[in-house]
Amino acid sequence: MSESAPKPSSSVKLVLLGEAAVGKSSLVLRFVNNDFQENKEPTIGAAFLTQKCNLPSRTIKFEIWDTAGQERFASLAPMYYRNAQAALVVYDLTKPTSLVKAKHWVAELQRQASPGIVIALVGNKLDLTSDSKTADSDEEGADGEDDSGDARKVSTEEAKAYAEEESLLFFETSAKTGHNVSEVFTAIANAIPETSLKSARGAGASNTAAGRASEEQRVNLGNARESGSKDNCAC
Amino acid sequence: MFSNFTNIVQKAQQFIDPTQGLNLSNSDRNPSKASLFQNQFRIPSTQNPLHEINAELTIPPSNQTSGDKDHDRGWHYAGKLHLSEGYMCFSTTPSSFAQSASVSTSSAFTGQTHGGGPSGNGFTWPLCAIRRVERLNSQNFQFALAFTTWNGLLYEDTKDTKAKQDGREQRIIIHLAGTRQSCERFCDGLKKGLRAGVGSVGKLRKVVAEDYSEYLLRTEDRKGISPPDAGLGMIFRYPGDPKKLRDRAKMRLWAEYLRDNGRNVTLIRQPTFHKLIRVGLPNRLRGEIWELTSGSIFLRLENPTQYEETLAKFEGQDSLAIDEIEKDLNRSLPEYPGFQSEEGINRLRRVLVAYSWTNTDVGYCQAMNIVVAALLIYMSEAQAFFLLSALCDRLVPGYYSTTMYGTLLDQKVFEGLVEKTMPILWDHLVKSDVQLSVVSLPWFLSLYINSMPLVFAFRVLDVFFVEGPKVLFQVGLAILRINGEELLDATDDGTFISVLKSYFSRLEESAHPKSENPKLRAVTRFQELMVVAFKEFAGITHNSITELRLKHKDAVLNNIENFAKRTAIRNLGPDSKLLSTEELGALYDRFYNILYERQQRDMMLQQDKIRKAKQSRARASEIFSGGQDEVEKGRVGLGPSTSHMDYDAFREFLASTSKWAISDSPGSSRRDTMSESDRPTRYQSARRPTESISPWGSGPEPAEHEFLQRLFKKWDVDGNGQLTLQNVVTGLARIKGRRDIMGTITYFFELYDDDNDGKVDREGILRLSEALLFLSRRGLEGSLSPSASTLALNGDAGVVRESQGSLPPGASANERFLGSVSAFIRRCFEYADPDHPNNQASEKFQTENDAEDNSNAFAIGDDEDEDEEDGGEEDLLGFGSPSGSPSKAQKPPTLATEDTQDSQRSVSKAKSEAANAALDPAHPLHMTLPTFRMVVLADELLEQFFESSFPTSFHIVDGVPSTASPSAGGLTTFSSLGFGSRPPVPISPAAGGAGRGLRGVMDGIITDGMRVATEVRRRMDEAQKELEKNALPGQKPDEDEEDDEDIGIAVGVRRGPGGASGDSDSRSVKSSDLDLLSGADAEAGAVKEQEANLADKDPHGGKPLPHRPATTNEPGVVEFEG
């Protein structure tokens, strides 16, 4: 579980997008620190965190950009999703409007972000729904919104159907309980095509030739400069 | 699309100021003297430079240092003395704000702030702080004034005499240098201001009581009083180690300075002042000096109770901003103990909430929580509230706005500065694809509070509040410069960020730990940072920042707007899919461009008004005040602006896409305005007076027609009299998107089906036909097939073949369309269903030429016009049938299926009789959708109209074709035929009733419609006669043509020589023809009808009617003229 393993390692730029207060920062905190708490770091523009994810064949170092959810920060988002290889679009299972917003983000990413970006749609706050009690729900859970008396307002089917339509990865998570959180990141890590890893981030984006030239170097440097503190992987 | 919009915006800007090529508002490029003056001295925007004069300031030696021989004669400063309504300001910077001063002299600042704040030596005194002014006898100068202030004397229990004994009375001498006249003028102004300021002394007392300096310098007898609120720090300790910060020493220095140079509002800036600020403010005075240097204390002085009042006023109310604030309260400087307590959180909540109510445009933006939290450590809630205002309005404008354009703009400026000052680092960033703003944005947005350890962030703020936003840039550049080497090794965002993070965490450490020189070793990294920032980057001035902002502004706003556009278009919902991306983009541009232009025009007119009002009552120097900063609103990128289109804007919008929506009589707006009061109130909008600027700007003047009102109402699904972009897109998508003739026919029908009962009544049919004429009067567009020649008219194929959409020579499709419309009306009535089958038998064959009956019918129209939604025509007539009786409801479908199945052939005799009765105006009738559909499809030209010309007449992308000039020249209406030279005025009396006559004059189109309607009615009557004769309705197109012969429209068209298009005769209806047609019954009914009109007009408040028949009681006035 440490960087001593001589596996090939590469960085992946990942951006979190979604409506305010859907739990973007909490997901990151859970993933990076395996922790859940009142958010101590206010997200101004974006917070930057890193975390490694060990796959059997290689190590992925996520460079996570956790963006501010407030509507007016939306116009800053292109700055953060630029060259991102992966995106986590988060919505709140208990808030239908947040799924609408998530769809907007997906559309924005599909049109504006790097081609081939891996997008995962994540419904967070599963702990607030009744199907969180059945430990590993088969994603079939309560589709009726009111029958079970839980706070769920977005059915799994609806979101899943949408995710399939747009070919997104799809998960329902709880940052609070940690349910499914690491799975999301692992799935993303697996979904990143090998080729795009080789060419590091920025593949296909409007990169200058100079940017490409330094790609290999970046990966190596990234290895050498591991900043220590957050090396143990959650997955 | 992008450039298209830019062009439009530029055009709009040029309209405002023709000298501007760039997309910059007037206030940007050429800031007013008043705003420069206000910025220089950080005084409220209510203040204007009234007088200024060269002067020399003499500060007598202070009592404390009186023993020092060097100071025996005090200090002298030469500079300029400025006077505004409520302030007297002195500055050693020579800038001038007089009307006559050139821009460069008012903006060529020197000193540390370069116009961005109180620079140089001097003071900014509210006049109410001056206690006494004496004129001294002086040999050298004509005028020498001695000013005594209220400094330290504002507590009631402080005895005057005692204060004098204490030697704390602040007294300065100012020598005015100028002509006797100018000195006297200045003194007069001063006298006036002083007198006005007397009343504010009480306010002043209250305001300064909250300042710690009053407590610090309190007299011996007031030792016992409790200190004012100097922030949460008093309860929870101030951040940092006071010993390390040398807080006591700083406090002593400040106490001495304030004693010598005046406290809070009476403070005089001397060189020591700026030095003291650079070394860091002492904790307890920090809040006060912040509000003094930022000028927010003057805002507080203006309205001392605003904070409390705002909180009280909105207590218990909810808002989106409040929700957002709640989410962030717990994460605002959470490491500071004060914000782990209820007390701190509550203060933070109150300040943020109060501000969100005060400035709803900004509301709440994340990062404000951090800034306000920082302020609250050092100042009271009210102080923080006003300081936040000063920040948002003056110091960092646009940072927290809904689009955050200020933040993005300053990032661009910062990047530009990095590129210029550190080209190697910049190249490296570009090469490694590291985006600088990702790192630097939070620095600016949270004023470094979130980036550096608090103690150091506050040191930056100390300077920032005096010297202005350029400090943020200087510090940012210095950070990069100091870390340059390490940053050159960083090749990705992650490393870049971590280098800077670790730098910030070591600011306390020695900058030169290995140095042999102990003095050098003592220098901390932060001190080094400050030195680099203010020495090495001294070239970064307020002016250079302002210039760079101007340079980048357009691009930044365009970026934001493109993003907003992209987002908006994507979020338009399923209807928008019916339109192409290009169309949506163009639609978006048009929509916001119209709103923007209108807003700008509004503003111009308002300013014009203010200016005029001012000119009439006050001196010329006031001209430049007020409203200047407001000029630049409405642009999407700048933040909240209107996103709703009222009816007038809607008309303007249509006029830019469809040629039929352009007025036929440009310049009639004034008259139109008059008629506006006659329109139903829901369509009224605040119409600006047309003083010097056309209310329609540079674009074509939009037409006014009932059809537009109906369309607006239809699109306005929420019924609030305003259209959103969504409404417009949905509305257009339904017309243009499907390209489905049945859909368009249904859509049209629904427009006229007021009560949604599936029936359009008699009036509706007439209005509908008017609309058809209105829409076609500039020619038809789209694909009209040549085979149309066999229809409607008598198949003059040679003529029919003419091109469409442009001016046709002779009888073109456009003109044949008129015939089609006539036929349409006739058929409508033929196939319409009677509302009352029972009545029909008895009154079947009523004489039709009865003028009284006619006027009755028109009276119905009156009612209906006033209340379009009502549509209760039957009820009004008192026939007692609830609208839409079952019998009727059953009938139409059968009729429809039959009719559509074998077209027009199988019309039975019975039905023709029914139609016959339907022609009788006394008998209400209605047409159902199937009937309407059938009638439309019966005429190929109409069919084509609905299939293609109507949908294509909306030119979303390319706008109105340039051939359709706003002049009446290209009209294919009756109005352009023949009588163009005839003044329209005589029509009005002819139309019977002043109101209607006025209307007739005002709006050519409507007049046309009226005339058409009249003619159509007459035609109906004739048709009925005919029907009576042969008891057989027109069954075939052939017969239609026969009928058409009698119709004035057709007559004119066909009898014309068919010559050149420009020849009016060729297309005109000869007056003699018309006389023949209309003379008899018009003359017969003239008098009676006029009476009837007058009679029925009164109860409805004289509302004119668009299609009240302009019956010709004057034979010379012919319906189809212009």
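General remarks:
- Condition met for B:Ser332 (without any contact (Cβ under 8 Å) to a residue 60 or more places away in the chain, within 11 Å of chain A (Cβ to nearest Cβ) and in a loop (DSSP other than H, G, I, E, B)): yes
- Test: residue in region B:598-607 that is part of a helix (DSSP H, G or I), acidic (Asp, Glu), open to solvent by 30 Å² or more (accessible area, probe 1.4 Å) and under 26 Å from B:Lys736 (Cβ atoms): no
- Note on region B:219-319: enclosed helices (runs of 4 or more DSSP H) holding 1 or more residues that are within 30 Å of B:Pro44 (Cβ to Cβ) and not hydroxyl-bearing (Ser, Thr, Tyr) are B:233-236, B:247-261, B:271-278, B:283-294, B:296-302, B:306-313.
- All positions within region B:487-525 that are free of Cβ contacts under 8 Å to residues at least 24 places away in the same chain, under 18 Å from B:Val438 (Cβ atoms) and polar (S, T, N, Q): B:Thr495, B:Ser498, B:Ser502
- Residues (touching a Lys or Arg at 6+ places or on another chain (Cβ under 7 Å) and more than 18 Å from B:Ala384 (Cβ to Cβ)) located in region B:195-218: B:Glu214, B:Leu217
- Those residues of region A:56-77 which are touching a residue at least 24 places away in the same chain (Cβ under 8 Å) and either away from chain B (no Cβ under 11 Å) or over 16 Å from A:Lys101 (Cβ atoms) (or both), in sequence order: A:Ser57, A:Arg58, A:Thr59, A:Ile60, A:Lys61, A:Phe62, A:Glu63, A:Ile64, A:Trp65, A:Asp66
- Here B:Asn517 does not qualify as crowded, with 21+ Cβ neighbours inside 10 Å and at pLDDT below 90.
- Condition check for B:Asn346: open to solvent by 40 Å² or more (accessible area, probe 1.4 Å) and modelled with pLDDT of 95 or more: yes
- Residues within region B:432-447 that are more than 7 Å from every other protein chain (Cβ to nearest Cβ), farther than 14 Å from B:Pro469 by Cβ and in a loop (DSSP other than H, G, I, E, B), tallied: 1
- Unique match (being surrounded by fewer than 21 Cβ atoms within 10 Å (Cβ to Cβ) and on the phi > 0 side of the Ramachandran plot) among B:Arg237, B:Arg278: B:Arg237
- Residues (under 26 Å from the mean Cα position of the chain (by Cα) and either surrounded by fewer than 14 Cβ atoms within 10 Å (Cβ to Cβ) or at the interface with chain A (Cβ under 10 Å from one of its Cβ atoms) (or both)) located in region B:316-329: B:Asp318, B:Leu320, B:Glu324
- Of all residues making up region B:448-460, the number that are within 35 Å of the chain's Cα centre (by Cα) and either modelled with pLDDT of 95 or more or of a type in the set (Ser, Thr, Tyr) (or both): 1
- Yes/no for A:Thr50 being in a strand (DSSP E or B) and either facing chain B (nearest Cβ under 8 Å) or at pLDDT below 85 (or both): yes
- Members of region B:383-416 found to be part of a helix (DSSP H, G or I), more than 17 Å from B:Ile449 (Cβ to Cβ) and open to solvent by 10 Å² or more (accessible area, probe 1.4 Å), listed by number: B:Ser389, B:Asp393, B:Arg394, B:Tyr405, B:Leu408, B:Leu409, B:Lys412, B:Glu415, B:Gly416
- Number of positions in region B:448-463 that are open to solvent by less than 10 Å² (accessible area, probe 1.4 Å) and either charged (D, E, K, R) or in a helix (DSSP H, G or I) (or both): 6
- If you check B:Leu376, B:Leu445 for being over 31 Å from the mean Cα position of the chain (by Cα), at negative phi and crowded, with 24+ Cβ neighbours inside 10 Å, only one passes: B:Leu376.
Each row is one residue, and each column tells you yes or no for (1) more than 49 Å from the chain's Cα centre (by Cα); (2) under 21 Å from B:Thr148 (Cα atoms).
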{"residue": "B:Arg205", "(1), (2)": "no, yes"}
{"residue": "B:Asp211", "(1), (2)": "no, yes"}
{"residue": "B:Asp241", "(1), (2)": "yes, no"}
{"residue": "B:Ala249", "(1), (2)": "yes, no"}
{"residue": "B:Trp254", "(1), (2)": "no, no"}
{"residue": "B:Thr266", "(1), (2)": "no, yes"}
{"residue": "B:Ile277", "(1), (2)": "no, no"}
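- Residue that is outside any loop (DSSP other than H, G, I, E, B), more than 9 Å from every other protein chain (Cβ to nearest Cβ), farther than 20 Å from B:Val499 by Cα and touching a residue at least 24 places away in the same chain (Cβ under 8 Å), where the choices are A:Val22, A:Val28: A:Val28
- Scanning region A:82-91 for residues that are open to solvent by 10 Å² or more (accessible area, probe 1.4 Å) and more than 8 Å from chain B (Cβ to nearest Cβ) gives a single hit, A:Gln85.
- Residue pairs whose Cβ atoms lie under 6 Å apart, separated by 6 or more positions or on different chains, with the first residue in region B:405-431 and more than 20 Å from A:Tyr80 (Cβ to Cβ) and the second at pLDDT 95 or above and of a type in the set (Val, Ile, Thr), are B:Trp426/B:Val418.
- Only residues that are farther than 18 Å from B:Lys759 by Cα and either modelled with pLDDT of 75 or more or open to solvent by 50 Å² or more (accessible area, probe 1.4 Å) (or both) were counted across region B:912-936, and they come to 1.
- Selected residue (only one of B:Val460, B:Val413 is aliphatic (A, V, I, L, M) and touching a Lys or Arg at 6+ places or on another chain (Cβ under 8 Å)): B:Val413
- In the set B:Asp489, B:Asp554, B:Asp493, only one residue is surrounded by fewer than 15 Cβ atoms within 10 Å (Cβ to Cβ) and of a type in the set (Asp, Glu); that residue is B:Asp489.
The values are calculated or read from the model by the stated rules, or taken from the named source; none is laboratory data. What you are looking at is a predicted structure, and each value in this text was computed from that prediction instead of being measured. Note that each Cβ is placed from the backbone with ideal geometry, even for glycine, and that neighbours are counted across all protein chains shown. Please note that ligands, DNA and RNA were not included when accessible areas were found on the heavy atoms of the full protein model with its side chains. Shrake-Rupley method; radii C 1.70, N 1.55, O 1.52, S 1.80 Å.
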